[in-house]
Amino acid sequence: MTVRTEESAAAAPMRGRARAAILTVAVARFTADGIRAVSADRVMDEAGVSKVTFYRHFPTKDDLVVAYLEHELARVQDAVAQARDDGSRETLGQALADEICRPGFRGCPFINAAAEYPDPTSPVRAVVTRFRDWMISTIATALTERGVPEAGASSTARRIMMLRDGALVEGYVSGDARGVARELEAGVAALVNATEAH
């Protein structure tokens, strides 16, 4: 009995490492190549895990995609929290533009996932919706902190989100991420100024 408990305790960190290795490969490959283009077998091979290990952590590829998107959501949320903790003076437009200029940029992972998963009831789309709701709420909060009335902040946040979506697509398709980032920054500033003027 004691031996089994010790083995179980020793196995837990290994299981955690295996899951982390799978997710690390999935994040890199899905970001670089797209979700549908990357097979579960490729992820297993690059992560150096067996099928049994892979499916123990991710019963389906969709479960892995959900974990990938949750990882991306946490990354964005951490970046926002870090900017607030640092007392960053970045404008809202600069904060959104930074996403276009990050290394390995290939458009918005959430827009990309939504395009590859058209079923609105999919667990993948649920994470996409959670991200979008959080983004709009975060933008609206940033606007109200600048003194924009709540009603105006909500509608302006949705417009800024649409502008952001278009910019991320344009930044990837055009290959001019920096130029598009500058235009996004200017567009967001114009929307915010117009809202504040009312």
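Here are the numbers for the structure shown:
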item: Helices (runs of 4 or more DSSP H) fully within the range 104-183 counting 2 or more residues that are more than 24 Å from Asp78 (Cβ to Cβ); result: 109-116, 150-174
item: Residues (closer than 21 Å to Pro123 by Cα and surrounded by 13 or more Cβ atoms within 10 Å (Cβ to Cβ)) located in the range 37-64; result: Val38, Ala40, Val43, Phe54, Tyr55, Arg56, His57, Phe58, Lys61, Asp62, Asp63, Leu64
item: Those residues of the range 14-50 which are part of a helix (DSSP H, G or I) and touching an Asp or Glu at 6+ places or on another chain (Cβ under 8 Å), in sequence order; result: Val25, Val27, Arg29
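For every residue, the table says whether it meets (1) over 14 Å from the mean Cα position of the chain (by Cα); (2) in the same structural domain as Val180 (by TED's automatic domain parsing); (3) aliphatic (A, V, I, L, M); (4) at pLDDT 90 or above.
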position	(1), (2), (3), (4)
Arg15	yes, no, no, no
Arg29	yes, no, no, yes
Ile35	no, no, yes, yes
Asp41	yes, no, no, yes
Met44	yes, no, yes, yes
Val76	no, yes, yes, no
Asp85	yes, yes, no, no
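The values are calculated or read from the model by the stated rules, or taken from the named source; none is laboratory data. What you see is a predicted model, and the numbers here were worked out from it, not measured in a lab. Glycine also receives a Cβ, built like all others from the backbone with ideal geometry; neighbour counts cover every protein chain displayed.
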